[in-house]
1. What range in the chain is the longest one free of GluC sites (Glu not before Pro) that are in a loop by DSSP and have at most 14 other Cβ atoms within 10 angstrom?
2. Got a number for carbon plus sulfur as a percent of the chain's accessible area, 1.4 Å probe?
3. Using Cα centres only, tell me the gap between segment 36-51 and segment 218-240 in whole Å.
4. Normalized C-alpha radius of gyration of the chain, against 2.2 N^0.38 Å?
5. For Arg197, which sequence-distant residues (separation of 5 or more, or a different chain) have an amide H within less than 5 Å of its own amide H, given hydrogens modelled in the peptide plane?
6. Kindly work out what percent of the DSSP beta bridges joining two residues of the chain are antiparallel, to the nearest 5.
7. Per residue, how large is the accessible surface of the chain? Use a 1.4 angstrom probe and give square angstrom.
8. Can you give the accessible area of Cys100 in Å² (nearest 10), computed on protein heavy atoms with a 1.4 Å probe?
Amino acid sequence: MASEGFQFKQFFVAHDRCAMKVGTDGVLLGAWAPIDFNISSFTNFRILDAGTGSGLIAMMLAQRFQQAQIDAIDIDEAAVDQAADNFRSSPWSERLHAYCAKLQEWQGCYNLVVSNPPYFQNSLKNPDKARELARHTDTLSYTELLRHSAQLLREEGRLSLILPAETEEEVCTLAAKEGFVLTRVTRVYSKESKPARRILLAFEKSTSRHDGITTSRHLVPIEDTLVLEDDKSGRSAAYREITKDFYL
C-alpha cells in the first residue's frame, strides 16, 4: 500500500508519520524563500530547514537550488525518520540530510535558514502530543528562533519564515534586536475579501565587522501581497505562478 502523502512534479512527500501534514504554509515558504545573491559564486552553499516535519520545504529548496547542501532538523523523531525516507526517495538524496535535534543546540554555518515554526502562543493545547509540539511555541519561541538563526548564519546570510499575520510587528521588532534587517514581506490572503492570514518574511543578517568596526546595512523592504484563491477557478493566477514548478 502506498504511503499517505502528496505527489509533486519532481518528488513525493509521505507524511503519515508526521504530526503536521503537507499544507499550504510549507508549500508557500518553499516556493517563495528569496535568495537575492548569486548562489553559483559559493563553493559551499548551505541551507538549514528548522522544524522540517516531513521534509517538504527542504526538498522544494533542493529542487530550486541545485548546488545547495541542505540540513533539516526537527525535535519529532518520527517526523525526522519520515523526512529521511522522503529524502532518500527524492532526486536529491545526496544533498539532503535529516537530523533529530533542537535548533537551540544545533551548530553549523549557513547561507540561508528557513522555518515554518510553531506559532500558537496562548491557545488551548492539543491532546496529540506530537501535534502540540509541532504547533506551539513552548519548544521554540520567536526570540529563540531569531537568536539561534542569527548565530548559525554567515555574514549577510538570509532567514525566511512563514508566520501568522498578526505576529508581524512582534517578530520584526525581535528580529531587529538580533541584528536582522527586513528585506521582503509578503502578506498572504486566502481571498481578497478576507484579512491577511499569513506573512512571509525575509531577513538579512545585517551586522558585520571590518577592521574592528561593526556596520549595519539599512534596506528598504519589498512589500507585496499574495491572494491564494479567486472566485472562479480556485487557486489564483498568482498562487499558480509561484507554485508552477511544484504542483501537478
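The values are calculated or read from the model by the stated rules, or taken from the named source; none is laboratory data. Model, not experiment: these values are computed from the prediction. Every residue, glycine as well, gets a Cβ built from its backbone with ideal geometry; the counts of neighbours run over all protein chains shown. With ligands, DNA and RNA removed, areas are computed over all heavy atoms of the protein, side chains included. Shrake-Rupley method; radii C 1.70, N 1.55, O 1.52, S 1.80 Å.
1. Details: sites that count: Glu4, Glu192.
With GluC sites (Glu not before Pro) excluded where exposed in loops, the chain gives 5-191 as its longest stretch.
2. Numbers: 5880 of 12240 Å².
With neighbouring chains kept in place, the figure for the chain is 48 percent.
3. Each part's Cα centre sits 25 Å from the other's.
4. Details: Rg = 17.5 Å, N = 248, 2.2 N^0.38 = 17.9 Å.
Against the empirical 2.2 N^0.38 Å value, I get 0.98 for the chain.
5. Val188, Tyr189, Ser190
6. Values: 25 of 51 bridges.
Roughly 50 percent of the beta bridges in the chain run antiparallel, per DSSP.
7. Details: 12240 Å² over 248 residues.
In whole numbers, the chain has 49 Å² accessible per residue.
8. Looks like 80 Å² after rounding.
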